[in-house]
């Protein structure tokens, strides 16, 4: 009986396999992927429908488009995809770009969204997108530093350029870095107090000596004018360089960079300031705002000097006007017990941009050995002066020892000149201050000893003359 029951069950199972699960509904094994003790199919079962989301398109999208999961401003879903209201915080570090989720430590207002971001060492699990692992390109830093302080840039470069951990930026070299920085050291830092209306120009300042550079990209000669009155003639398609005579030691009377100092009525010399009418304000501790409104009655301020200034050649003002015409109503007075004044308009017109105005001290006709104070005096209605700096300067020239022809270069031409002069083939040397430049041992004579020193210098046996390589000569004009 049991054998007959088993036979009936087997027949029923076979019938169910044939009639309930037809052969054409069984998935082909080629689509089956085994996973552990189970499997899955890579295709839909026969007869099943794949319901795709409706794609909403704007009129800007023409022709067929892919139904992959990408969206743009021309195609979008009916309802929003997942949104993340808290933005990720990102910061650039030497290790790479650190990405951090601020979570609840975030706040927002109508102007900004702000949050807290931990340091990488405090959040080791943050995601960091690494880069080349180069911590810094010091050559770039040195080269930028040269624009403002070439001497410091040289010191930094010499201390670090041979350090193997200091990578140079791709495309740069030690030679290029060296020449860049030393060229800035030769002409000085970028000098932004002098400007030009010509778009392609630069001004450099080294110890008071300004170098002017301009490029003419046109087809005709031009004259480029600078805000301090300097002009440079530039041929077409060329660059022109013009260097002025040097300004040596300066005495800053006031640079108006301390409101506390101004409020205590003191200048940079520690001397007193007296205000005689007018309104005053130190703007961002960078310049003095002087408003005078006395009509025909002068309003002024006195900044005291109380010292001998006879070794200086010029009074220098870095100054600008307001609406225009101020220079015609401004007088500068040096007081040595009596008043000696000049009109600012005799030395340049003010604009709404800062410009440097140099006034020769001899023009005051004062006793410069005993000057009490300097007065800035304005007459007129509703006039404004902004003064960035008041200083005294010594204008002169740099004497280059060994440069006998005055071309700025020490070479074999200078050796020929000193030899011919010693042999009395020629009676004079062509360069300015050439006889001073030829006395290389400082004994007051030009002889074979000086010629021998110059020869050793040209052969690079020595790199400095016994008297030094340069001397500053004051020109009191």
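Computed quantities for the displayed model
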quantity	calculated
Conditions (1) in contact with a strand residue (DSSP E or B) (Cβ under 9 Å, 6 or more places away or on another chain); (2) farther than 16 Å from residue 386 by Cβ; number of the one not met by residue 270	(1)
When residues of segment 454-477 are limited to those that are under 17 Å from residue 405 (Cα atoms) and at pLDDT 90 or above, the one surrounded by the most Cβ atoms within 10 Å (Cβ to Cβ)	454
Residue within segment 304-327 that is under 29 Å from residue 381 (Cα atoms), touching a strand residue (DSSP E or B) at 6+ places or on another chain (Cβ under 7 Å), surrounded by fewer than 17 Cβ atoms within 10 Å (Cβ to Cβ) and modelled with pLDDT under 85 present	yes
Residue that is at pLDDT 90 or above, exposed (fewer than 14 other Cβ atoms within 10 Å of the Cβ) and under 12 Å from residue 376 (Cα atoms), where the choices are 300, 343	343
Residue tally, condition touching a strand residue (DSSP E or B) at 6+ places or on another chain (Cβ under 9 Å) and more than 19 Å from residue 458 (Cα to Cα), over segment 404-448	2
Residue match in segment 420-436 (condition: assigned to a helix (DSSP H, G or I), under 30 Å from residue 250 (Cβ atoms) and under 41 Å from the mean Cα position of the chain (by Cα))	yes
Options 367, 349; residue that is touching a helix residue (DSSP H, G or I) at 6+ places or on another chain (Cβ under 7 Å), outside any helix (DSSP H, G or I), surrounded by fewer than 17 Cβ atoms within 10 Å (Cβ to Cβ) and at pLDDT below 90	349
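The values are calculated or read from the model by the stated rules, or taken from the named source; none is laboratory data. As the structure is a prediction and not an experimental result, all values here were calculated from the model. So basically every Cβ, Gly included, is an ideal-geometry build from the backbone, and we count neighbours across all protein chains shown.
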